[in-house]
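Below you'll find the structure, written out as structure tokens, and then a few comments.
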Amino acid sequence: MKTKPNALAQGFIRCHDCGCLVKTADHTQSCPRCDSHLHARRPHSLQRTTALLFSSFFLYIPANIFPIMNVNQFGAGESHTIAGGIIELFNSGMIPIGLLVLVASILVPSLKLIGIGLLLLCVHFRWQINARKWTVMYRVITFVGRWSMLDIFMISILVDLVNFGAVQIIAGPAATAFAAVVILTMFAAENFDPRLLWDYQQYL
Amino acid sequence: MNSINYDACPECDLLLRPALPEIGEKAHCPRCGFLLSKPRKQSVERTFALSIAGFILFFPANLLPMVGITIMGNVNTGILLSGVIALFNDGMVAVAIVVFLASIFFPLVYLTLSMLISGHLYFNQPNRYLIGWMRWMHHLDEWVMLEVYMLGIIVACVKLMALAPLKFGGGLFAFIALIIITTMLTGGLDTRLFWQRIEKLSKKNSYEN
Ligand SMILES: [Zn+2]
Ligand SMILES: [Zn+2]
């Protein structure tokens, strides 16, 4: 039988932090170069990623239902949800910015939740897939995740600047939920180990 | 002591002969396409210079007013920290902490670490904390969100322009310069080279003792 070209199958563990290779036969617990804990794969990758994914999924619901900010003008209050803020941008003719916010705060988080879910299912059911394409998907997910914080930063600026007594913008409860979703999905993607996708592929 | 003459791809675990691309070239994993290394000319010197510049720019970017808005004769100007304080006063403590970390604290720590690391490498000074600093910098990378914050400023300004006249202050320009510097810094950082140099330095250090 042909041995797999994987480093682990050939008896090497790659350090997560500094990238140097260590022989499995050495039985060391920590990296000789940077002293961080050695793991062949990220520890409890699937369990951790699943737990983080479920928590972010449940927080994603309040993040979209509740208002992310309240605009008070001369005593009259008006609440905006994430989607409401985008519709408002479209209605006032600011299409490119509206699209930008649509991508960053709706498309990216929802596609990210679906994408990480698919990655987990793939590894769990040992689907025979084009691992290269799936690794690229993983790479895209880790790259775009942080851009969803855009909405949170925007709110912090609006809340700060529009504070005049008569006219006021106040952050709503969805802001906390949304920030948590972004951070939890970032952690979920970080805990997923893409090498798991390659480990059981038979054609390799 | 580390005589293993192999390398492994971090994303697909393919065992490889170490790729040694020329300066300006890129080495990708043949199996999954991961960017393995991208050596830059004088990575240490470049990182050192850029992190000093970034560290200096950090202060005007944080202390000078960024955007001012005038409503009914009243002027409100904002800096990075005042957004955090405004969220805090609204009772959004968790969000305020996240914004503070991603836009102020982590960028400062990142710049400080890269300045310390590249400075020690530049002057060939061994330090037992170098390894720890390097690991911290590696983990922080993703949480430095200055570019995302910039996009947040743009969207906020577009929304506010309809409401009232805006004025842009020196803080904003320093902030933009800071983003350019940090992007160049992270792009030109050759982690592979840095780890090799750190390993060499710590060996030299243990010889002397
Ligand atoms: Zn290591
Ligand atoms: Zn690879």
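The values are calculated or read from the model by the stated rules, or taken from the named source; none is laboratory data. Only a predicted model underlies this, so the values are computations on that prediction, with no experimental measurement involved. Note that each Cβ is placed from the backbone with ideal geometry, even for glycine, and that neighbours are counted across all protein chains shown. In case anyone asks, the SASA skips ligands and DNA or RNA and just uses the protein heavy atoms, side chains included. Shrake-Rupley method; radii C 1.70, N 1.55, O 1.52, S 1.80 Å.
Some observations on this one:
- Cα-Cα pairs of the protein assembly as shown separated by more than 28 Å (percent): 54
- Over chain B, Cα pairs under 8 Å with separation of 6+ residues give a relative contact order of 29 percent.
- Buried on assembly, the range B:156-170 (at least 30 Å² less accessible surface than by itself, 1.4 Å probe): B:ALA156, B:VAL158, B:LYS159, B:LEU160, B:LEU163
- Acute angle (nearest 10 degrees) that the helix A:45-65 long axis makes with the longest principal axis of chain A, alpha-carbon atoms: 10
- Whole-angstrom gap from the range B:148-188 to the range B:1-55, using each part's C-alpha centre: 31
- Heavy-atom accessible area, 1.4 Å probe, ligands and nucleic acids excluded: residues of the range B:16-42 down by at least 30 Å² from chain alone: B:ARG31, B:CYS32
- Debye intensity ratio in log₁₀ form over the Cα atoms of chain A, taken at each q of 0.10, 0.19 Å⁻¹: -0.57, -1.27
- Scaled to the globular estimate 2.2 N^0.38 Å, the Cα spread of chain B, given as radius of gyration, is 1.26.
- Legend: residues in the range A:1-31 shielded by at least 20 square angstrom of accessible surface upon adding the remaining protein chains to the isolated chain (1.4 Å probe, heavy atoms) are A:PRO5, A:ASN6, A:ALA7, A:PHE12, A:ARG14, A:ASP17, A:CYS18, A:LEU21, A:LYS23.
- Annotation: extensible slack from B:ALA162 through B:LEU101 equals 18.9 nm (criterion: 0.36 nm per residue apart, minus Cα-Cα distance).
- If you take all other residues with their beta carbon under 15 Å from the beta carbon of A:LEU38, and give Lys and Arg +1 and Asp and Glu -1, the sum is +2.
- Computed accessible area, A:SER45, all protein chains, 1.4 angstrom probe, square angstrom: 10
- Tilt relative to chain A, helix A:150-161 - C-alpha long axis, 0 to 90 degrees, to 10: 30
- Additional length obtainable on full extension of the chain from B:PHE173 to B:TYR207, 0.36 nm per residue less Cα span: 7.4 nm
- Loop-exposed trypsin sites (Lys or Arg not before Pro) per DSSP, neighbour cap 10 Cβ within 10 angstrom, longest uninterrupted part of chain B: B:42-127
- Taking all protein chains together, B:ILE52, A:ILE141 sort by accessible area into B:ILE52, A:ILE141, largest first [probe 1.4 Å].
- Distant-in-sequence amide H partners of B:PHE34 (H built 1.01 Å from N, under 5 Å): B:CYS29
- A:MET137 accessible area, 1.4 Å probe, all protein chains in place, Å² to nearest 10: 60
- Cβ-isolated cysteines (cut-off 4.7 Å), chain A: A:CYS20, A:CYS122
- Interface B-A: total buried accessible area of about 5900 Å², 1.4 Å probe, protein heavy atoms only.
- For the set A:LEU118, B:LEU20, B:LEU57, the ranking by accessible area, highest first and with no ligand, DNA or RNA atoms included, is B:LEU20, A:LEU118, B:LEU57 under a 1.4 Å probe.
- Heavy-atom surface of the protein assembly as shown, accessible at 1.4 Å and reported per residue (Å²): 47
- Sorting B:ILE79, A:ILE82 by solvent-accessible area of protein heavy atoms yields B:ILE79, A:ILE82, largest first, with a 1.4 Å probe.
- Of all stretches in chain B that contain no GluC sites (Glu not before Pro) in a DSSP loop with at most 14 other Cβ atoms within 10 Å, the longest one is B:26-209.
- At a Cβ-Cβ separation cutoff of 4.7 angstrom, cysteine residues of chain B with no neighbouring cysteine are B:CYS157.
- Within the accessible area of the protein assembly as shown (1.4 Å probe), percent carbon and sulfur: 65
- Overall Cα dimensions of the range A:91-204 - principal axes, largest extent first, Å: 67, 27, 17
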